[in-house]
Amino acid sequence: MSDFHDTLFKGNIFKELVKVLLEKSDYLVIPYGYENLSANLKKKLSGARSRTAFRIRSSPDLLIYDEQYGDVRLVEVKMSSYTSPRFKSTLIETYKQFWNDAVLVIVLPFENVFYAQEIAKLGIKEQYDPRTDFRRIQEIFGRISDDDLKNYGTVACNLINAMKSKSTEAKHQS
């Protein structure tokens with residue numbers, strides 16, 4: 001598998017995990033992002049340099065509809081296997097520019113596992129630390145139960161550890 005496809009596959013796993021967690025909490029979740037475009041269009045857009053193409057490539061992953069409150073949110077899902085992740089300002093700047101009203105959900109292998117923050121509430125800084133700059137996902141999506149959070153958090157940590165093991169194994173075989 002190419003690096004592009006490998007990264008896409010890993011991203012889709014965690015996007016699907018967040019999708020199911022939100023669906024189980026009675027949110028309507030619809031795939032939204034760039035990955036949902038046809039393969040031919042994605043290939044063409046990957047080389048395009050226009051502002052519109054860049055915006056499409058940075059599209060959030062999910063559209064979340066909260067029927068109870070009549071609220072719609074766009075959600076971008078990221079995963080990191082590092083226990084001390086830091087996200088560079090360029091990632092956040094892109095979302096602020098094109099998707100300031102979206103929510104960024106980060107899946108990490110420690111503590112609460114699922115962290116979230118509205119892009120508009122992230123200040124301008126060089127690096128972002130999920131533990132201090134983000135909130136627990138249930139603070140934004142309040143219907144997520146503690147049991148589901150614990151169960152899906154365990155699944156996420158197991159997947160992250162399996163991917164780290166696979167990656168380490170592949171490096172040793174090279």
Conditions (1) touching a helix residue (DSSP H, G or I) at 6+ places or on another chain (Cβ under 9 Å); (2) buried (at least 18 other Cβ atoms within 10 Å of the Cβ); (3) of a type outside the set (Phe, Trp, Tyr); (4) touching a residue at least 40 places away in the same chain (Cβ under 8 Å); number of the one not met by Gln117: (4)
List every residue pair whose Cβ atoms lie under 6 Å apart, where the two residues are 6 or more positions apart in sequence or sit on different chains, the first residue falls within region 15-32 and is under 11 Å from Arg73 (Cβ atoms), and the second residue, located anywhere, is part of a helix (DSSP H, G or I). Val29/Lys19; Val29/Leu22; Val29/Glu23
Condition set in a helix (DSSP H, G or I) and among the charged types (D, E, K, R), scope region 133-156, selection nearest to Asp26 (Cα to Cα): answer is Asp148
Within the group Gly123, Gly142, which residue is out of contact with any strand residue (DSSP E or B) (no Cβ under 8 Å at 6 or more places or on another chain) and modelled with pLDDT under 95? Gly123
Residue check, Val77 against (1) touching a Leu at 6+ places or on another chain (Cβ under 6 Å); (2) part of a strand (DSSP E or B), all met but one. Which one? (1)
The conditions are (1) surrounded by fewer than 12 Cβ atoms within 10 Å (Cβ to Cβ); (2) at pLDDT 95 or above; (3) not acidic (Asp, Glu), and Lys88 fails exactly one of them. Which is it? (2)
Of all the residues that make up region 24-52, how many are farther than 20 Å from Phe9 by Cα and either in contact with a strand residue (DSSP E or B) (Cβ under 7 Å, 6 or more places away or on another chain) or at pLDDT below 80 (or both)? 4
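The values are calculated or read from the model by the stated rules, or taken from the named source; none is laboratory data. Remember, predicted model here, so these are calculated numbers, not experimental data. Because the Cβ atoms are built from the backbone with ideal geometry, glycine has one as well, and the counts that use them run over all protein chains shown.
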